[in-house]
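Asks: Here it is, the structure in full.
Only the coordinates and a few stated rules stand behind these numbers; no lab work does. No experiment lies behind these values; they were computed from the predicted model shown. FYI the Cβ positions are ideal-geometry reconstructions off the backbone, even for glycines, and counts take in every protein chain you see.
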Amino acid sequence: MSSVLRPALSLIVLMTLITGVAYPLAVTGVAQVAFAKQANGSLVLDGEGQVRGSALIAQDFSGDSWFHPRPSAGAFATVSSSASNLAPSNPALATRVIDEANKLAVPGQGPVPLALLTTSGSGLDPHLPPAAINYQLARVAAARSLPLATLQQLVDAHVEQPLVGPPVVNVLALNMALEHLAVK
């Protein structure tokens with residue numbers, strides 16, 4: 001029995017050290033050297049070097065003077081990040097979307113973009129399509145007493161074209177630029 005048990009336990013200890021200690025340390029070391037910014041959360045810093053958020057996680061902005069991200073099923077908390085898991089046939093989803101559309105509707109601007117009404121799969125998507133940002137331009141311009149053309153240039157400068165998929169705008173980066181624009 002001992003002739004079988006000793007090699008089995010030795011193999012368990014060896015594999016635990018390799019896969020549970022050595023491999024994670026090696027991957028962490030390579031990530032810190034080759035991709036330090038991404039490995040540390042893609043943090044966004046302000047002018048004073050203070051962390052303002054992550055380029056990968058949405059934040060809640062409230063008030064008319066800010067561009068708003070898409071809704072979050074988990075209230076922008078990373079611990080409870082998830083979709084709302086409401087089926088398209090669920091009346092609660094339809095009620096929530098209709099209520100949000102009525103709240104965000106701007107007369108004369110057409111329908112509210114779907115990205116401002118529905119949550120993303122993670123509930124933390126930091127990006128919006130340019131159409132959803134442009135829908136908010138008049139509100140933000142009026143709240144900040146800025147010309148619409150100035151805001152449109154700011155938005156155009158923040159449109160990103162990913163390798164795959166449609167153009168997007170990172171709401172945190174746009175709002176930080178908006179804050180910087182207001183300071184000038």
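Asks: What are the extents of the Cα atoms of the chain along their three principal axes, in Å, largest first?
Replies: So the extents along the principal axes, rounded to whole Å, are 82, 46, 28.
Asks: If amide hydrogens are placed 1.01 Å from N in the peptide plane, which non-local residues have theirs closer than 5 Å to the one on Ser54?
Replies: Val44
Asks: Order by neighbour count: Asp46, Asp125, fewest other Cβ atoms within 10 Å first, most last.
Replies: Listed from fewest to most nearby Cβ atoms, that is Asp46, Asp125.
Asks: Show the residues, 5+ positions off or on another chain, whose built amide H is closer than 5 Å to the amide H of Val169.
Replies: Sorted by chain and number, the residues that satisfy this are Leu128, Glu160.
Asks: Helix 2-17 against the longest principal axis of the chain: what's the angle in degrees, Cα atoms only, rounded to the nearest 10?
Replies: Its long axis makes an angle of about 30 degrees.
Asks: OK, next. Which residue, Val168, Val140, Val13, has the most motion in a Gaussian network model of the chain that connects Cα atoms within less than 10 Å?
Replies: Comparing Val168, Val140, Val13 in the GNM, the peak value goes to Val13.
Asks: Please give the charge dipole size of the chain, origin at the Cα centre, charges +1 on K and R Cβ atoms and -1 on D and E Cβ atoms. Round to the nearest 20 debye.
Replies: The dipole of the chain has a size of about 280 debye.
Asks: Compute the long axis of helix 148-157 from its Cα atoms, compare it with the longest principal axis of the Cα atoms of the chain, and write down the angle in degrees, 0 to 90, nearest 10.
Replies: 20 degrees
Asks: Moving on. Helix 23-34 against the longest principal axis of the chain: what's the angle in degrees, Cα atoms only, rounded to the nearest 10?
Replies: Result, in degrees: 40.
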